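The values are calculated or read from the model by the stated rules, or taken from the named source; none is laboratory data. On a predicted model such as this, the values are computed, not experimentally measured, just so you know. As a convention, Cβ positions derive from the backbone with ideal geometry for all residues, glycine included, and neighbour counts pool all protein chains shown. Ligands, DNA and RNA are excluded from the accessible area calculation, which covers all protein heavy atoms including side chains. Shrake-Rupley method; radii C 1.70, N 1.55, O 1.52, S 1.80 Å.
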Amino acid sequence: MQRCLRLLKTLWLPSSLILLLAWVVWSLPSWEPWFRQWQPDVRNVVYTRDPFSYLLWQHLRLVAMATLGSLVLGLGGAILVTRQWGRDFLPLVNQVASMGQTVPPVAVLALAVPVLGFGNNATIVALLLYGLLPIVRNSIAGLNGVSPAVLEAARGMGLSATQILWRVELPLASRVILAGVRTTVTFGIATAAIGSTVGARTLGDPIIAGLVNGNNAYVLQGAILIGLLAITLDAWFDAVAHWLPGETKQAH
């Protein structure tokens, strides 16, 4: 009974936000009278080039693919530099991750387009590099935060280094690693909008169209959906974190 109550307490907010997001996506075109009052001189006040549901799906798909790439590279690098034989690579991994976030995504797009072409691929590369740092830092902090006594006990039980990594270190560090993924996803949702400037279909489409045509209603529609999507996913990450072992602690 207590487990069910805890589950309901944890999931009511993210579930409610998903329903709210679905309702906004479905009903946004019907908000035309409200947008018309705000911008009476504009001919079209609701973005209709693509359905909002399609743009939402494409936006999520790009962020998911980029985050998966950041997780594979970031967690792999963190595991490398937290092994005794890989500690010499710690400065290199930190520098590469830091460079990925200090270079503006729009500059990465400009450099990637001639190689990868217009569209999704260049956007994914920009998001992947931009989201690398939080995952690397949090993964290193999480893995280094596992108690030496726990590791010694695992060795005493006869576990190999690989078994200790998968069965002890990663589970105990999972909440801290998830906090890094959560930050990366939030960055990605906000940043993916710039992919529309190079031909990717994202929720940035109405924003870019609004800026080009002086249509603030379009800009507001894209901003509402991106903001609501970010809040919804953040609430889900918070809910998932409650079910993971360890303490919520992010790298500084």
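Based on the alpha carbon coordinates of the range 168-252, what radius of gyration and maximum Cα-Cα distance (Dmax) apply, in Å?
When restricted to the Cα atoms of the range 168-252, Rg and Dmax are 16.7, 55 Å.
Mind pulling the angle between the C-alpha long axis of helix 216-241 and the longest principal axis of the chain? Nearest 10 degrees, somewhere in 0 to 90.
The answer is roughly 20 degrees.
Could you do me a favour and compute the accessible area per residue for the chain, 1.4 Å probe, result in Å²?
54
If you find the alpha carbon centre of the range 58-111 and of the range 155-208, how far apart are they in angstrom?
Spelled out, the Cα-based centre of one part sits 10 Å from the other.
Set the Förster distance to 41 Å, then compute FRET efficiency between Cys4 and Gln163 from the Cβ-Cβ distance, nearest 0.05. Mind showing how you got there, number by number?
Values: r = 34 Å, r/R0 = 0.83.
My answer for the efficiency is 0.75.
Applying 1/(1 + (r/R0)^6) with R0 = 30 Å to the Cβ-Cβ distance of Ala190 and Trp38, what FRET efficiency is obtained, to the nearest 0.05?
Numbers: r = 24 Å, r/R0 = 0.78.
Computed FRET efficiency for Ala190 and Trp38: 0.80.
If the range 28-144 were replaced by its equivalent ellipsoid, with semi-axes equal to the square roots of 5 times the Cα gyration tensor eigenvalues, what would those be, largest first, whole Å?
Working through the eigenvalues yields semi-axes of 40, 16, 12 Å.
Please list the radius of gyration and Dmax for the chain, considering alpha-carbon atoms only, with Å as the unit.
21.3, 75
Subtracting the Cα-Cα distance from 0.36 nm times the residue separation, let me have the gained length for Ser16 to Leu90 in nm, one decimal.
Roughly 22.5 nm would be gained on extension.
Can you tell me the dipole magnitude for the chain around its Cα centre, using point charges on the Cβ only (Lys, Arg +1; Asp, Glu -1), in Debye to the nearest 20?
It works out to roughly 440 debye.
Strictly greater than 20 Å: what percent of every Cα pair in the range 106-252 meets that?
When all Cα pairs of the range 106-252 are counted, 60 percent exceed 20 Å.
In percent, how large is the relative contact order of the chain, given Cα pairs closer than 8 Å and 6 or more residues apart?
Numbers: 325 pairs, mean separation 68.2, N = 252.
Over the chain, the number comes to 27 percent.
Tell me the carbon and sulfur percent of the accessible area for the range 87-135, rounded to whole percent, probe radius 1.4 Å.
Accessible surface attributable to carbon and sulfur in the range 87-135 totals 72 percent.
Taking the 0 to 90 degree range and rounding to the nearest ten, how far is the long axis of helix 132-144 tilted relative to the main principal axis of the chain, both from C-alpha atoms?
Helix 132-144 sits at roughly 30 degrees to that axis.
Of all accessible surface on the range 151-252 at a 1.4 Å probe, what whole percent is carbon and sulfur?
Numbers: 2970 of 4660 Å².
Carbon and sulfur atoms account for 64 percent of the accessible area of the range 151-252.
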